[in-house]
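Student: My questions all concern the structure below.
Laboratory data are not the source of any read-out in this text; all were calculated from the coordinates shown. Since the model is a prediction, treat every value here as computed from it, not as a measurement. A quick note on method: Cβ atoms are made from the backbone with ideal geometry, for glycine too, and the neighbour counts reach across all protein chains shown.
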Amino acid sequence: MVPNFSLRQLSYLVAVAETGSMTAAAETEHVSQAAISAGIHDLERGLGAQLLARRPGHGVTLTEAGLEVVADARRVLAAAADVQSSARTPDADLRGVLRLGCYSTLAPLYLPPLHGTFAVQHPAVELSVIEESQEELRRALTSGACELAVTYDTGLGPGLATETIRSLRPYALLPADHRLAAETTVTVEDLADEPLVVYAQGPSPGNTEQLFRDVGAVPRIVHTSANIEVVRCLVARGLGWTHLVQRWPLDVSLEGEPLVCIPLSGNVPVHRVVAAWPEQDRLSRRAAAVVSFLHDAAQRIGGFSDCDPAPGAALASSAAPPAR
C-alpha cells in the first residue's frame, strides 16, 4: 500500500519537534512557515491523528500520537537517506547524517577518534552527537533521536540490540602512597573497610552496591560526585579509594597528583562497552561503519580487558537483523 504522506512532510514534523516552533522549523528546512504548517496539516489529515498541540503565543508541542510518529519518522528518514546513498554510490562513499549518542565518561575516549579519523575516512557522513547519561541515551534511542549509542550494557533494559565493543574488568583507583599501591591485584575485601569515593553517574552506584554486597560488606562512603575528575582528584589526595571500569590514559589527577590503578580480582563482574540501537531497526551502512570503527578504536584505549570481542560479535541477547 502506498502511504498517503511524503518524506518531506515527515521531515517538516521532525524539524518542528527538534526546534519547538514552526518558524524555527521553516528556517531549518529552508522553506516558508506557511509551507511547514500546510505540510504538517496534510500529514495529520493523511494519518487521521492530531500530531501537534498548537498554543498561540506558546509555540507547539507534540501530542502523544505526535511523539510516536516523530520516533517512526526519524527512522523512516534515516532509512530513506541510506537507500539514496546506496543507490548513488553502492560501493563507494558513505554519506548522510548519523545521530550518535555517547555515555558521558566514554565520550573523551571514543568521540575524538570518531570526529577525527572516522570523519577523514568518511567525509560525506555528518556526525550529530549527544553526550548523555545512561537513561537519557535509552530515551534517545527509543524515541528515534539517536540511531546508535556507545555506552555500557549495565541497566540498558529491554528493547535494545547491542554489540560488544569491549569487555572490561573493574579496577581499584588508589593514591600513589596507598599501602597496597605495589600490588598486582587487590580484592574488594582488601579495601572494604577503607573510605570510599563514589562516582554517581549511570550504573556506577549500583556497581558499588553489588561489589560490596557480594563480599558481605557495607561501603564507607565519604564523598559522592557526578564528576569523574572530582572523584579522581579526591582519591589522589588520599580521601579514599574508588573502583572504576574504564581506565584513563594517564594515571594522574587534574591537579597533577599520581594515581595507581590495580585490577580487582575475585568474583567481580565484567562490564561491556557496547554499541546499542533499537532492536526493531536494522543498522544503516553508516551506523555499521561506525560500529566497525569503534572496535578498532577500542584496541588503542587503555583498560583492564577481559576477552575483547572481534568485530561483529554481537551479544547473544541481541535479536536484531544484520546490518545492511
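Student: Going by C-beta contacts inside 10 Å, put Cys102, Cys233 in order with the fewest on the left. Walk me through the numbers before you get to the answer.
Tutor: On the way: Cys102 22, Cys233 19.
Taking fewest neighbouring Cβ atoms as first place, the list is Cys233, Cys102.
Student: Another question about this same structure. If N is the number of residues in segment 3-146, what value comes out of its Cα radius of gyration divided by 2.2 N^0.38 Å?
Tutor: On the way: Rg = 16.9 Å, N = 144, 2.2 N^0.38 = 14.5 Å.
So the Cα radius of gyration is 1.16 times the expected 2.2 N^0.38 Å.
Student: Sticking with this structure for a sec: Pull up all non-local amide H partners of Ala226: gap of 5 or more, or a different chain, and H-to-H distance under 5 Å with H placed in the peptide plane.
Tutor: When sequence neighbours closer than 5 places are left aside, the close amide H contacts are Ala200.
Student: Please identify the DSSP H helices in the chain that span no less than 24 Å along the helix axis (Cα) and have a mean Kyte-Doolittle hydropathy of 0.0 or more.
Tutor: Working: long enough: 64-88 (37 Å, 0.23).
In the chain, the long hydrophobic H runs are 64-88.
Student: Additional query: For a Förster distance of 25 Å, can you work out the FRET efficiency between the beta-carbons of Ser143 and Ser32, rounded to the nearest 0.05?
Tutor: Values: r = 28 Å, r/R0 = 1.11.
E(calc), rounded to 0.05, equals 0.35.
Student: For the chain, what is the mean residue ellipticity at 222 nm derived from helices alone (per DSSP H run of n ≥ 4: -39500 (n - 2.57); sum divided by total residues; nearest 500 deg cm²/dmol)? Walk me through the intermediate numbers first.
Tutor: Numbers: 10 runs with 116 residues, N = 324.
That calculation yields -11000 deg cm²/dmol at 222 nm.
Student: So what is the relative contact order for the chain, in percent, with contacts set as C-alpha pairs under 8 Å and at least six apart? Can you show the working numbers first?
Tutor: Values: 569 pairs, mean separation 63.7, N = 324.
It comes to 20 percent, rounded to a whole number.
Student: Starting from 0.36 nm per residue, how many nanometres of slack lie between Asp193 and Ala226 once their C-alpha separation is accounted for? Please report the intermediate quantities before stating the final value.
Tutor: Details: separation 33, 0.36 × 33 = 11.88 nm, distance 2.30 nm.
Difference between extended and current length: 9.6 nm.
Student: Give the value in nm², to one decimal: projected area of the alpha carbon convex hull of segment 7-71, averaged over all directions. Could the numbers behind the result be given before it?
Tutor: Details: hull surface 15.4 nm².
Across all orientations, segment 7-71 yields a mean hull projection of 3.9 nm².
Student: Dividing the convex hull volume of the Cα atoms of the chain by its residue count, what figure in Å³ per residue is obtained? If you can, show how the numbers build up before the last one.
Tutor: Working: hull volume 54.8 nm³, N = 324.
Roughly 169 Å³ of hull volume per residue.
Student: Fewest to most neighbouring Cβ within 10 Å: what's the order for Arg237, Arg282? Don't skip to the answer; put the middle values down first.
Tutor: Details: Arg237 13, Arg282 17.
So the ranking, lowest neighbour count to highest, is Arg237, Arg282.
Student: For Thr117, Thr187, what's the fewest-to-most ordering of other Cβ within 10 Å of each Cβ? Mind showing how you got there, number by number?
Tutor: Numbers: Thr117 13, Thr187 16.
Lowest to highest Cβ neighbour count: Thr117, Thr187.
Student: For Arg45 and Asp72, what does the FRET efficiency come to when R0 = 22 Å and r is the distance between their Cβ atoms, rounded to the nearest 0.05?
Tutor: Values: r = 18 Å, r/R0 = 0.80.
Between Arg45 and Asp72 the formula returns 0.80.
Student: Express the relative contact order of segment 7-71 as a whole percentage, based on alpha carbon pairs under 8 Å and six or more residues apart in sequence. Intermediate results must be reported in sequence, preceding the final value.
Tutor: Working: 68 pairs, mean separation 20.4, N = 65.
Answer for segment 7-71 is 31 percent.
Student: Please give, to one decimal in nm, the separation of the simple spin-label points placed at Arg237 and Asp93, each 7 Å out from Cα toward the Cβ.
Tutor: So the label points at Arg237 and Asp93 sit 5.1 nm apart.
Student: For segment 170-263, what does the alpha-carbon gyration tensor say about shape, rounded, prolate or oblate, given a ≥ b ≥ c as the root eigenvalues, a/c under 1.5 as rounded, and a/b over b/c as prolate?
Tutor: Oblate, since a/c reaches 1.5 and b/c is not below a/b.
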